[in-house]
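I have placed the structure first, in the form of structure tokens, so that the comments after it can refer back to it.
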Amino acid sequence: MGKQGSGGKDRDRGISRRTLIVGGVASAVGVGLLARGDLARMWWQMPGVDKPRTAGAVDFKGAEWVAAAAANWRRADRPADYPIDMVVVHVTQGSYSGTLQVFKDPWHGASAHYVVRKDGHIAQMIRELDVAFHAGNRDYNQRSIGIEHEGFVDRPEDFTAAMYASSAKLTAGICRRYGIPVDRKHIIGHVEVPGTDHTDPGLHWDWDRYMRLVRAAYKQAGSAKA
Ligand SMILES: [Zn+2]
């Protein structure tokens, strides 16, 4: 967010590129020509087939599932239909509970995948495979995960150590899952999205501190896996 009452700008509805791509794959290749392995890998790309979903499931361990209104996001099958190569950092310009409330409101027209509370608690409102309307830019929405942080851009005290730490862990996990480089080209602020008039996360968001924490969490996640 970063600006109140401008949710309409974050809308991106219309014809899904996925429908066209999926249709193209199916007709150009032909199911009969696919090797068994390819079929096993691609079955969920076939028209009318979606990845299995479990109600209440989250992509980040420890996050609390709070569903956003269906009108505020678009069903997708990322990273199969759109690669995910970006994380967009936002500031809510309101309270945590107020943000959850507007993302649950079908008339709001915008939402993010995650909302991080000042104490570090994280709500996931949209699955990462789906497209959230948070960047106000269709291309950026399709390729990114949006993370909101409770607070106001002009109140540096809102950005707590607990918030930085837990958000950094979340972003590191996203980078691990999708092979996103941990740098400022791929972890950006809403203000850096082309065409936006939003300013979040603002001048008080400590990017050096945040990126240091993300890099550390990224390394830790890597060694935990190995
Ligand atoms: Zn924003």
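Coordinate-derived values only; no laboratory data. Quick caveat: nothing in here was measured; it's all calculated off a predicted structure. Cβ sites come from the backbone with ideal geometry, for glycine too, and all protein chains shown count toward neighbours.
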Would you work out if segment 157-226 is rounded, prolate or oblate? Take a ≥ b ≥ c from the square roots of the eigenvalues of the alpha-carbon gyration tensor; rounded if a/c is under 1.5, else prolate when a/b is larger than b/c, oblate otherwise. oblate
Can you give me the long-range amide H partners of I145? Hydrogens built in the peptide plane at 1.01 Å from N, cutoff under 5 Å, separation of 5 or more residues or another chain. M86, V87, V88
Phi to ³J(HN,Hα) by Karplus 6.51 cos²θ - 1.76 cosθ + 1.60 over segment 202-219, Hz, x for Gly, Pro: x, 5, 8, 6, 8, 5, 4, 4, 4, 5, 4, 5, 5, 4, 5, 5, 4, 4
For the peptides 170-180, 206-216, what is the packing order when you average, over each peptide's residues, the other Cβ atoms within 10 Å and list the highest mean first? 170-180, 206-216
What ranking of L203, L100 emerges when the number of other C-beta atoms within 10 Å of each C-beta is taken as an exposure proxy, fewest first? L203, L100
List the aspartates and glutamates whose Cα sits under 14 Å from the Cα of K61, skipping any in the same chain fewer than 8 residues away. E128
Quickly work out the D208-to-A69 label distance, labels modelled 7 Å from Cα along the C-beta direction, and quote it in nm with one decimal. 4.3
Counting just the Cα atoms, what span does segment 100-185 cover along each of its three principal axes? Round to the nearest Å and put the largest first. 34, 32, 21
When a/c is below 1.5 the answer is rounded, else prolate if a/b is larger than b/c, else oblate, so apply that to segment 54-225 with a ≥ b ≥ c taken from the square roots of the Cα gyration tensor eigenvalues. rounded
Quote the relative contact order of segment 54-225 in percent (integer), defining contacts as alpha-carbon pairs under 8 Å separated by 6+ residues. 26
